[in-house]
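Peer 1: This is the structure I want to talk about, given as structure tokens.
The values are calculated or read from the model by the stated rules, or taken from the named source; none is laboratory data. Treat the numbers as computed from the prediction; the structure is a model and nothing was measured. Here the Cβ positions follow ideal geometry from the backbone for every residue, glycine too, while neighbour counts run over all protein chains shown. Side chains are part of the model used for accessible areas, which takes the heavy atoms of the whole protein and leaves out ligands, DNA and RNA. Shrake-Rupley method; radii C 1.70, N 1.55, O 1.52, S 1.80 Å.
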Amino acid sequence: MKTINKIFGLLSILLAFTACNEDPTYFQLPNQPDDMHIQASVSEVVLNKGQEGQPAITFKWDEVKSPIKDYDSITYSIRLYATESKSDNHTEFISIGKKREVTFTHKELNDIIARWVPAGTKVSVTAEVVGLINNEIKYIKPESSMVEFSVTGYEKTPMYLYAHLKDDATGAERVERLSQRQLGSGIYEGTFPVTPCSYYFTTSPTSDRPAYGQDSGEKLKFVNEGNVSNFANTASGTRTFIVDINDEFMDCRVVNIVQLPTRETIRIVGDGCSIGWDPGSSEGLFKIENPRYPYIYSWTGEFKNGEIKVNTGTNWGDQFFFAPESNADPAVNHQLNMFRYEGAGGDVKWKVTTPGRFKFTLCLDADNLHTSFEPVQ
């Protein structure tokens, strides 16, 4: 089966043929029966790293029964989700096409659940298949069928990495732990004070092998035995170490990330966005979307003509990220200055002039502070 990365939009089919002033014609079946009766080949799976490419579980189902005589085709999609935490832990829908069967290998299934629970933990998973009757004239409510099974995964990536640092001046050695922001991602980060030093990484705080040392530049080299080439750090101060052990990256970056007054907390506020003048709104929280870039914060939402600024707390007395100049247009001026109190420079706000849905992004790499303001669908 191809890598699980195709997103199937279930509700994207709209009526194509309508008269100028007529409402669309919909076929509605409020209580759609389960005609598919999805079945799993096993009720419990214990995944094995040594069998990564072999089938772990197969799902089969019956054909959807169309409530109308003439239709174009029937296609299917499937997703998996943690039964007890569906909203937080789920895959996107995977398009299967016209087939009524799909198999997941040990690796494919482990890659999914590794982001939900630690290795060795049994988790209840629900497989949901959706059948869509495609028709150009009428919208037909998709049918779904579900089956539950349990899975125990193996360690895809270590829970932690450990940085072994040796001070250049004193020779003092210490160990710092790096953790994964997203479980099973293989991307680790740790923020701690440093001086000029040499360093490498291991999967254990007490053992020096296996290790990740320097290959060239920022690239990592995995060493199971033998010599490890150390990285060199020349900076002093608090730095964030970001290590990505996935094959497509295998790198280590040391970034000077702005340390916020409240950890990872910034909020948009103003009448130029849907949040309004509520400095502590949970709806206004910026998010770190990609664990490779824990210094990039984004807020996506509706903007309108008006003013905005960014709070680092919950009250008006907190420090804010202000615009670089009064009425700066975030779509044009991408300069970003450090956060400050209003009394240390005035209430200088951005002025939104283009209404619509945008992603407002703050890059908090202290050596490359900037913003972006991009339209989204």
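Peer 1: Cβ contacts < 7 Å: first residue closer than 27 Å to Tyr139 by Cα, restricted to the range 28-43; second residue modelled with pLDDT under 90 and loosely packed, with under 14 Cβ neighbours inside 10 Å, any location; separation 6+ or different chain. Result?
Peer 2: Hits for this filter: Asp35/Lys65.
For (1) closer than 12 Å to Phe360 by Cβ; (2) open to solvent by 50 Å² or more (accessible area, probe 1.4 Å), each residue gets a yes or a no:
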residue	(1), (2)
Cys252	no, no
Leu260	no, no
Glu264	no, yes
Gly272	yes, no
Pro291	no, no
Glu307	no, yes
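Peer 1: Let me ask something else. Could you grab me the full set of residues in the range 319-334 that are under 20 Å from Thr354 (Cβ atoms), surrounded by fewer than 20 Cβ atoms within 10 Å (Cβ to Cβ) and touching a strand residue (DSSP E or B) at 6+ places or on another chain (Cβ under 7 Å)?
Peer 2: Pro324, Asn327, Ala328, Asp329, Ala331, His334
Peer 1: Looking only at the range 44-64, filter to residues that are touching a strand residue (DSSP E or B) at 6+ places or on another chain (Cβ under 8 Å) and assigned to a loop (DSSP other than H, G, I, E, B); which one of those is surrounded by the most Cβ atoms within 10 Å (Cβ to Cβ)?
Peer 2: Val64
Peer 1: Of all residues in the range 135-156, count the ones that are within 16 Å of Met36 (Cβ to Cβ) and either touching an Asp or Glu at 6+ places or on another chain (Cβ under 7 Å) or polar (S, T, N, Q) (or both).
Peer 2: 4
Peer 1: Are any of the residues in the range 307-325 assigned by the TED database to the domain that holds Ala344 and within 18 Å of the chain's Cα centre (by Cα)?
Peer 2: no
Peer 1: Sort out which residues of the range 276-322 are over 25 Å from Ala344 (Cα atoms) and either among the hydroxyl-bearing types (Ser, Thr, Tyr) or in a loop (DSSP other than H, G, I, E, B) (or both), and write them in order of number.
Peer 2: Within the range 276-322, Ser282, Glu289, Asn290, Pro291, Arg292, Tyr293, Pro294, Ser298, Thr300, Lys304, Asn305 qualify.
Peer 1: Is at least one residue of the range 310-318 surrounded by fewer than 20 Cβ atoms within 10 Å (Cβ to Cβ), on the phi < 0 side of the Ramachandran plot and in contact (Cβ under 8 Å) with a residue 60 or more places away in the chain?
Peer 2: The answer is no, given that none of the residues of the range 310-318 is surrounded by fewer than 20 Cβ atoms within 10 Å (Cβ to Cβ), on the phi < 0 side of the Ramachandran plot and in contact (Cβ under 8 Å) with a residue 60 or more places away in the chain.
Peer 1: Run down Thr121, Thr126, Thr75 and say which single residue is within 29 Å of Ile245 (Cβ to Cβ), assigned by the TED database to the domain that holds Glu52 and among the polar types (S, T, N, Q).
Peer 2: Selected residue: Thr121, the only one of Thr121, Thr126, Thr75 that is within 29 Å of Ile245 (Cβ to Cβ), assigned by the TED database to the domain that holds Glu52 and among the polar types (S, T, N, Q).
Peer 1: Also, I was wondering about something else. Test Ser77 against the criterion of being modelled with pLDDT under 95, of a type in the set (S, T, N, Q) and not in a helix (DSSP H, G or I), and give yes or no.
Peer 2: Considered against the rule, which asks whether it is modelled with pLDDT under 95, of a type in the set (S, T, N, Q) and not in a helix (DSSP H, G or I), Ser77 comes out as no.
Peer 1: Still on this structure, I have one more. Within the range 328-362, restricting attention to residues that are in a strand (DSSP E or B) and of a type in the set (Val, Ile, Thr), which residue is farthest from Ile257 (Cα to Cα)?
Peer 2: Val352
Peer 1: Tally up the residues in the range 204-221 that are surrounded by 14 or more Cβ atoms within 10 Å (Cβ to Cβ) and assigned to a strand (DSSP E or B), please.
Peer 2: Within the range 204-221, residues that are surrounded by 14 or more Cβ atoms within 10 Å (Cβ to Cβ) and assigned to a strand (DSSP E or B) number 6.
Okay, residues lined up against (1) modelled with pLDDT of 85 or more; (2) within 23 Å of Ser150 (Cα to Cα):
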position: Ile4; (1), (2): no, yes
position: Phe8; (1), (2): no, no
position: Leu15; (1), (2): no, no
position: Asp34; (1), (2): yes, yes
position: Ala40; (1), (2): yes, yes
position: Glu44; (1), (2): yes, yes
position: Pro55; (1), (2): yes, yes
position: Lys86; (1), (2): yes, yes
position: His90; (1), (2): yes, yes
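Peer 1: Which residues, counting only those in the range 223-248, are at pLDDT below 95 and either assigned by the TED database to the domain that holds Tyr295 or in a strand (DSSP E or B) (or both)?
Peer 2: Val223, the sole residue that qualifies.
Peer 1: Quick check on my filter: what residues within the range 86-117 are under 23 Å from Pro142 (Cα atoms), assigned to a loop (DSSP other than H, G, I, E, B) and open to solvent by less than 40 Å² (accessible area, probe 1.4 Å)?
Peer 2: Within the range 86-117, Asn89, Thr91, Phe93 meet the criteria.
Peer 1: Just for the range 350-373: of the residues that are over 26 Å from the mean Cα position of the chain (by Cα) and open to solvent by less than 30 Å² (accessible area, probe 1.4 Å), which one is farthest from Thr300 (Cα to Cα)?
Peer 2: Looking at residues that are over 26 Å from the mean Cα position of the chain (by Cα) and open to solvent by less than 30 Å² (accessible area, probe 1.4 Å), I get Trp350.
Peer 1: Test of understanding: among Thr191, Thr195, which residue is surrounded by fewer than 20 Cβ atoms within 10 Å (Cβ to Cβ), touching a Ser or Thr at 6+ places or on another chain (Cβ under 6 Å), outside the structural domain of Thr354 (by the TED database) and within 29 Å of Tyr154 (Cα to Cα)?
Peer 2: Only one candidate qualifies: Thr191.
Peer 1: Let me ask something additional. Sort out which residues of the range 118-141 are at pLDDT below 95, β-branched (Val, Ile, Thr) and crowded, with 18+ Cβ neighbours inside 10 Å, and write them in order of number.
Peer 2: Ile133, Ile140
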